[in-house]
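Please read the structure below before turning to the comments.
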Amino acid sequence: MQFTAMRFKDKLGREVVLRNAEESDASALIDYLKITTTETPYLIREPEEVTMTIEQEKSFIRRAKDAERELLLIAIIDGKHIGNCSLMNIAPYKRYGHRCAVAIALYQEFCGCGIGKVMMKTVLDVAKTVGYEQAELEVISDNKNAIALYRNMGFEKYGTFPNNMKYSDGTYANADWMMKQL
C-alpha cells in the first residue's frame with residue numbers, strides 16, 4: 001500500500017522520516033536484519049538465517065507496496081535506516097479479513113526514544129482505516145520494554161506459547177499472543 005511519508009521528532013529532538021520501503025532500500029533492510037538479529041534475542045531468526053538476496057527483498061518490498069491492505073514502513077534519521085514496522089493480513093481468507101498482524105523493530109541504539117510508539121500508532125491507524133478490526137502480534141514473554149509499549153498502545157495478552165523459540169544454545173523462550181480491538 002502506498003503511504004504518504006511523515007516526519008516527527010523523537011524524544012532527543014531528532015527528525016524521523018517514516019515512509020514506504022522502496023526497492024532501493026533492499027540492501028539496507030537485509031543489513032538491518034543481519035545486525036538486529038545479533039543485537040537482541042527477541043527476533044525470530046538467528047543471524048546466519050538472514051539469507052535472502054537483494055532481488056528477493058525487492059520482490060517482498062514490491063508485494064507490500066502493491067497490496068491493498070499491507071504496509072512496510074521504514075524509519076530514517078539523517079538518511080540512515082533505523083528501523084521498520086509492518087502491517088500484514090493474517091491470511092487471505094474472508095473469515096480472517098478482520099484480523100491483521102503488526103510487527104516493529106529498531107536498531108537497539110534507537111529504542112526508548114519514542115520512535116517505536118509513533119511507528120506503532122501509525123500502523124494501527126492505517127490498519128483501522130483499511131478496515132481491519134483487530135491487530136495481533138507475538139512478543140517474547142520476557143521482552144518487557146516491547147510489552148510495555150504494546151500495553152500502552154492498548155494491546156492485551158490473550159495467551160502464551162510455551163517454548164515458542166529454541167535458541168542455538170538449547171534454551172527456550174515463551175511468546176505472548178497480544179491483540180488490540182481497533
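The values are calculated or read from the model by the stated rules, or taken from the named source; none is laboratory data. The shown structure was predicted, so the numbers you read here are calculated from the model rather than taken from an experiment. Don't worry about glycine lacking a Cβ; one is built from the backbone with ideal geometry, like all the others, and counts go over all protein chains shown. Surface accessibility is based on the protein's heavy atoms, side chains included, excluding ligands, DNA and RNA. Shrake-Rupley method; radii C 1.70, N 1.55, O 1.52, S 1.80 Å.
Annotations
- Largest-first principal axis extents of the Cα set of the chain (Å): 38, 37, 36
- Segment 115-182 and segment 1-51 have Cα centres separated by 17 Å.
- The chain: antiparallel DSSP beta bridges as a percent of all, rounded to 5: 90 percent
- Here the spin labels are modelled as points 7 Å beyond Cα on the Cα-Cβ line, and at THR171 and ARG62 they lie 4.2 nm apart.
- Packing-based ranking, highest mean first, of 94-106, 71-83 given that Cβ atoms within 10 Å are counted: 71-83, 94-106
- Inter-label distance, ILE90 to ARG45: 2.6 nm, where each label sits 7 Å from its Cα along the C-beta direction.
- Accessible surface computed residue by residue for segment 43-182, with neighbouring protein chains in place and a 1.4 Å probe, gives 55 Å² per residue.
- When each of the peptides 130-140, 169-179, 44-54 is scored by how many other beta carbons lie within 10 Å of its residues on average, the order from highest to lowest is 130-140, 169-179, 44-54.
- Placing a label point 7 Å from the Cα of GLU23 along the Cα-to-Cβ direction, the residues of segment 67-85 whose backbone N falls under 19 Å of that point are 67-68, 71-74.
- Solvent-accessible area assigned to carbon and sulfur over segment 50-182 amounts to 49 percent, based on a 1.4 Å probe.
- Per residue, the chain reaches -9000 deg cm²/dmol at 222 nm when only DSSP H runs of four or more residues are counted, each adding -39500 (n - 2.57).
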